[in-house]
Amino acid sequence: MKIAMIGTGYVGLVSGVCFSDFGHEVVCVDKDPAKIDKLNAGEVPIYEPGLDALMAKNVEAGRLSFTLDLASAIEGAEAVFIAVGTPTRRGDGHADLRYVMAAAEEIASLAREYMVIVTKSTVPVGTNRQVKQVIRKANPGLDFDVASNPEFLREGAAIDDFMKPDRVVVGVQTDRAADVMAEIYRPLFLRDFPIVTTDLESAEMIKYAANAFLATKITFINEIAALCERTGADIKQVSKGMGLDGRIGNKFLHAGPGYGGSCFPKDTKALARIGQDHAIPMQITETVIKVNEETKRRMIDKIFDLADNSLAGKTVAVLGVTFKPNTDDMRDAPSLTIVPALIGAGAKVRVTDPQGKREGEALLPGAHWVDDAYKAVQNADLVVILTEWNEFRALDLKKLARRMATPHMADLRNIYSVKDAKRAGFLAYDSIGRTAFRDNSDAD
């Protein structure tokens with residue numbers, strides 16, 4: 001089957017590459033000439049483990065190509081996927097649908113034969129019906145169907161998520177469209193992965209409801225962590241005890257500096273706005289958004305406490321700035337709140353991240369980038385672990401402490417422990433939801 005994928009961002013590129021590995025002929029389209037040139041040269045514009053090798057394999061096999069020409073891409077295609085951005089619209093929290101609607105209109109102007117036009121982008125409930133209206137208006141005689149096929153990819157594990165999904169969600173209006181979508185996902189169906197075929201509105205809602213629920217779990221455990229710090233409980237033990245309950249599960253119960261990334265911030269805001277528009281306030285989701293922002297600010301307070309409430313002239317080493325490990329994505333990362341606050345307070349901030357520099361240099365002006373953690377902490381007054389990259393999980397803490405002017409650590413991912421910090425020679429250590437340690441003998 002021939003498939004056209006409009007948009008070569010994170011979702012579009014990963015989906016297009018994986019569909020081609022299913023055996024489909026996939027043409028990926030983008031309006032950015034520089035991006036298409038890079039892709040045709042074999043360069044992957046995003047960091048996602050394994051994507052470069054899988055892309056090269058399918059290009060070599062002749063199943064995957066990249067073009068600026070939408071007309072040639074959709075010619076003969078049975079399905080055209082829209083995978084363009086839907087960022088939060090300034091001012092009102094709505095998902096910005098102009099790129100989705102522009103793509104739909106352009107497809108309509110060029111299409112000549114039956115196809116299923118599939119929205120892969122995350123869009124509010126009712127969007128696919130709007131897409132249908134836009135296409136019908138632009139090309140009244142076109143024979144087509146629309147479908148909703150939201151993505152559930154975790155950055156850093158996207159290929160595995162696509163090839164071994166918890167579920168595939170497909171929203172359709174006709175049996176004909178359902179048959180096309182079933183053929184596209186046939187390799188997964190044959191391996192008994194769940195495929196949920198439903199109506200358009202339910203498919204759209206599933207995506208928002210799932211992301212809002214996961215964001216709620218993260219925010220809930222972060223709020224419990226704050227209470228643990230006041231009561232003397234250990235959030236790691238609390239999370240373990242909760243997660244062993246099969247009704248709750250252990251995923252997304254790891255306390256940290258707040259959620260970020262391309263999905264949770266955008267989708268929670270959009271769901272809250274959808275609720276307001278329909279006079280059904282999403283009060284839990286609205287609270288999640290508020291508490292998540294408060295969590296990030298609470299991290300800044302922790303850092304100030306470790307610096308004796310003054311960062312002026314002090315050197316702070318920040319380990320990790322992407323919103324999670326195994327990605328170069330900086331969207332809504334906690335670092336975008338925390339690092340500027342440190343710089344604004346007069347700190348000299350050194351940053352190291354295995355993949356974050358490409359985006360981070362422009363997003364974190366005033367930060368000084370270094371190659372590794374040991375260079376970052378040289379003569380530093382404080383080290384902050386902000387992203388749990390593997391290379392930060394097994395640091396030589398003694399070596400780290402010896403290099404620092406004052407060995408203080410803010411472990412905002414709970415990688416280490418008070419015992420680890422004391423044994424290594426740290427004089428102060430704080431984490432999330434656990435008792436802090438401070439050796440007051442180093443005080444003036």
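A cut-off of 5 Å between modelled amide H atoms, ignoring neighbours fewer than 5 places along the same chain, links Phe66 with Cys28. Whole angstrom only: what separates the Cα centroid of the stretch 114-181 from the Cα centroid of the stretch 280-318? The two parts, judged by their Cα centres, are 38 Å apart. Counted by Cβ distance under 10 Å from Thr435, the other residues give a net charge of -2, where Lys and Arg count +1 and Asp and Glu count -1. Here's how it looks for Asp332: its modeled amide H is under 5 Å from those of Gly261, which are all 5 or more places away or on a different chain. Note on the stretch 30-149: with neighbouring protein chains present and a 1.4 Å probe, carbon and sulfur make up 49 percent of its accessible heavy-atom surface. How much solvent-accessible surface does His94 expose, in Å² to the nearest 10, with a 1.4 Å probe and all protein chains in place? Looks like 40 Å² after rounding.
Grab the Cα-Cα distance for Asp308 and Asp371, subtract it from 0.36 nm times how many residues apart they are, and report the gain in nm with one decimal. Spell out each step's value before the answer.
Numbers: separation 63, 0.36 × 63 = 22.68 nm, distance 2.80 nm.
Value of the extension gain: 19.9 nm.
Taking each DSSP H run with n ≥ 4 as -39500 (n - 2.57) and averaging over every residue of the chain yields -13000 deg cm²/dmol at 222 nm. Of the trypsin sites (Lys or Arg not before Pro) in the stretch 228-296, the ones in a loop by DSSP (not H, G, I, E or B) with at most 15 other beta carbons within 10 Å are Arg247, Lys251. Residues of the chain were split at every exposed loop site, defined as GluC sites (Glu not before Pro) in a DSSP loop with at most 12 other C-beta atoms within 10 angstrom, and the longest piece left, sites excluded, is 114-444.
Tell me the relative contact order for the chain as a rounded percent, counting alpha carbon contacts under 8 Å between residues six or more apart. Please list the in-between numbers first.
On the way: 888 pairs, mean separation 50.3, N = 444.
Once divided by the residue count of the chain, the mean separation gives 11 percent.
Amide H contacts under 5 Å for Met409: Val383, Ala428, Tyr429, Asp430, restricted to partners 5 or more places along the chain or on a different chain, H placed in the peptide plane at 1.01 Å from N. The label point for Ile195 and the one for Asp175, both projected 7 Å from the Cα toward the Cβ, are 1.6 nm apart.
Stokes-Einstein, applied to the Kirkwood radius of the chain over Cα pairs at a viscosity of 0.692 mPa s and 37 °C, places its translational diffusion at 140 µm² s⁻¹. Distance between the pseudo-spin-label points of Lys240 and Asn390 (7 Å out from Cα toward the beta carbon): 2.4 nm.
Heavy-atom accessible surface of Thr406, to the nearest 10 Å², is about 50 Å², with a 1.4 Å probe and all protein chains retained.
Neighbours of Val116, meaning other residues whose beta-carbon lies under 11 angstrom from its beta-carbon, give a summed charge of -4 when Lys and Arg score +1 and Asp and Glu score -1. Each Lys and Arg adds +1 at its Cβ and each Asp and Glu adds -1 at its Cβ; summed about the Cα centre, the chain shows a dipole of about 1100 debye. Heavy atoms of the protein chains alone define the surface here; on that basis the chain has 44 Å² accessible area per residue at 1.4 Å probe size.
The values are calculated or read from the model by the stated rules, or taken from the named source; none is laboratory data. Just so it is clear, the model here is predicted, and its values are computed rather than measured. Neighbour counts run over all protein chains shown; Cβ positions are idealised from the backbone, glycine included. Surface accessibility is based on the protein's heavy atoms, side chains included, excluding ligands, DNA and RNA. Shrake-Rupley method; radii C 1.70, N 1.55, O 1.52, S 1.80 Å.
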